[in-house]
């Protein structure tokens with residue numbers, strides 16, 4: 001209950017909408033109940049109505065402060081509580097004490113209802129019990145009969161229960177939203193960790209070999225040994241191999257499987273509380289890897305940058321479309337040539353990877369009110385440029401040579417001697 005609300009309902013997140021609905025519903029129930037109680041009195045006494053409206057306004061103000069701080073008790077709005085207490089005492093003294101019958105009972109019910117609504121949101125059962133007992137005493141004393149005391153218990157329990165349950169439901173929604181965001185962050189962090197492990201495993205030994213061979217070449221060069229040039233050529237070859245492996249890592253050194261990417265996207269988005277719709281036709285086999293890139297980048301953007309609740313992935317007539325209903329922070333836009341604008345690097349990189357293949361990607365706001373986001377990748381029917389220019393090489397998994405740095409250093413010392 002601590003959000004600064006935008007002006008439009010469409011700009012609110014799901015949690016902010018629940019916050020607004022819960023708070024406004026509690027105020028609406030309190031005011032409707034008090035107005036109904038006042039309207040039930042046949043005599044229209046100005047003091048009864050004026051005092052009742054003042055007490056309701058102060059009770060609504062204190063309830064708003066308690067709801068905003070939920071589930072914390074401190075800091076407590078003591079000034080608002082003191083103003084409400086003073087207003088209740090004056091109201092009872094000026095209306096209930098000199099009044100008789102229904103007028104006095106109405107004043108007691110208004111005071112009990114407002115105190116129960118204002119303090120019912122405090123997450124302390126002792127306070128709730130005290131509020132119910134106070135409502136019983138006030139209603140029973142102002143009405144001067146046992147049945148009224150029972151109605152005071154009912155009023156206190158009903159109002160406190162309504163407030164507590166509403167705030168409890170909001171707390172559950174808040175925890176679920178936080179869990180969804182945590183799930184999205186963990187998914188991104190897990191992918192980064194996987195990539196860092198792959199970089200360490202694949203390139204670590206290569207770089208150790210480069211360091212040892214470069215040291216050996218330097219030693220041979222100082223001695224004027226002609227073998228130094230050969231050693232530097234070895235360093236050059238290892239560096240080229242490392243660069244090729246780094247490129248494979250950046251592209252995803254395992255062959256991209258479109259079916260696995262789609263299933264992984266469905267599972268990941270659903271675990272983050274997002275509905276997923278798949279309507280994938282017959283994607284040409286030559287475009288499976290590129291389509292997998294698009295799906296992977298789109299899902300990452302949805303998790304990191306949007307407040308989407310629904311994602312649709314479809315393929316028709318050479319176009320792969322990924323649509324969601326919740327625009328988040330800017331992730332940049334890409335035109336059909338692969339040129340990127342904005343601050344996002346993921347879409348820029350995707351456009352740069354698709355452009356050499358003859359494909360294009362564009363993205364931007366869409367839907368009613370421009371509150372959605374659509375990414376469209378266009379794949380020519382002729383297939384990727386590289387695939388049409390030369391026969392496709394079979395995909396393979398890059399496995400680094402098992403080079404032991406200690407063994408390499410020993411060989412280097414033997415060669416130098």
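Only the coordinates and a few stated rules stand behind these numbers; no lab work does. What you are looking at is a predicted structure, and each value in this text was computed from that prediction instead of being measured. Note that each Cβ is placed from the backbone with ideal geometry, even for glycine, and that neighbours are counted across all protein chains shown.
Residue 147 to residue 288: FRET efficiency via 1/(1 + (r/R0)^6), r the Cβ-Cβ distance, R0 45 Å, to the nearest 0.05? Present the calculation step by step, with values, prior to reporting the outcome.
On the way: r = 77 Å, r/R0 = 1.70.
With a Förster radius of 45 Å, E is 0.05.
Which part of the stretch 98-122 falls in the paramagnetic zone of residue 85, meaning amide N under 11 Å from the point 7 Å along Cα-to-beta-carbon?
Zone members listed by number: none at all.
Quick one: order 17, 206 by neighbouring beta-carbon count within 10 Å, fewest to most. Present the calculation step by step, with values, prior to reporting the outcome.
Numbers: 17 14, 206 19.
Sorted ascending by nearby Cβ count, the order is 17, 206.
Multiply the residue separation of residue 230 and residue 371 by 0.36 nm, subtract the distance between their alpha-carbon atoms, and state the gained length in nm to one decimal.
Numbers: separation 141, 0.36 × 141 = 50.76 nm, distance 6.19 nm.
Working it through step by step, the gained length comes to 44.6 nm.
Cut-off 19 Å, label point 7 angstrom out along Cα-to-Cβ of residue 260: give me the residues of the stretch 293-318 whose amide nitrogen falls inside.
293-300
Working out 0.36 nm times the residue gap between residue 246 and residue 94, then minus their Cα-Cα distance, what length gain in nm do you get to one decimal?
That pair, residue 246 and residue 94, stretches by 46.3 nm at full extension.
Between residue 270 and residue 61, what FRET efficiency follows from the Cβ-Cβ distance if R0 is 35 Å, with the result rounded to 0.05?
Numbers: r = 42 Å, r/R0 = 1.21.
So the FRET efficiency works out to roughly 0.25.
Tell me, in nm to one decimal, what length is gained between residue 352 and residue 35 on full extension, where the rule is 0.36 nm per residue of separation less the Cα-Cα distance?
Details: separation 317, 0.36 × 317 = 114.12 nm, distance 6.50 nm.
Extra length available between residue 352 and residue 35 comes to 107.6 nm.
Normalising by the residue count of the stretch 9-178, find the relative contact order in percent from Cα pairs under 8 Å and 6+ residues apart. List each step's numbers first, then the result.
Details: 204 pairs, mean separation 40.0, N = 170.
Relative contact order here is 24 percent.
What's the ranking of 317-326, 184-193 by average number of surrounding C-beta atoms within 10 Å, highest first? Each step should come with its number before you reach the end.
Working: 317-326: 18.2, 184-193: 13.2.
For the peptides 317-326, 184-193, the packing ranking is 317-326, 184-193.
Could you sort the peptides 173-182, 38-47 by per-residue average Cβ neighbour count (10 Å cutoff), highest mean leading? Write out the running numbers ahead of the final one.
Working: 173-182: 13.9, 38-47: 11.9.
My ranking of the peptides, most packed first, is 173-182, 38-47.
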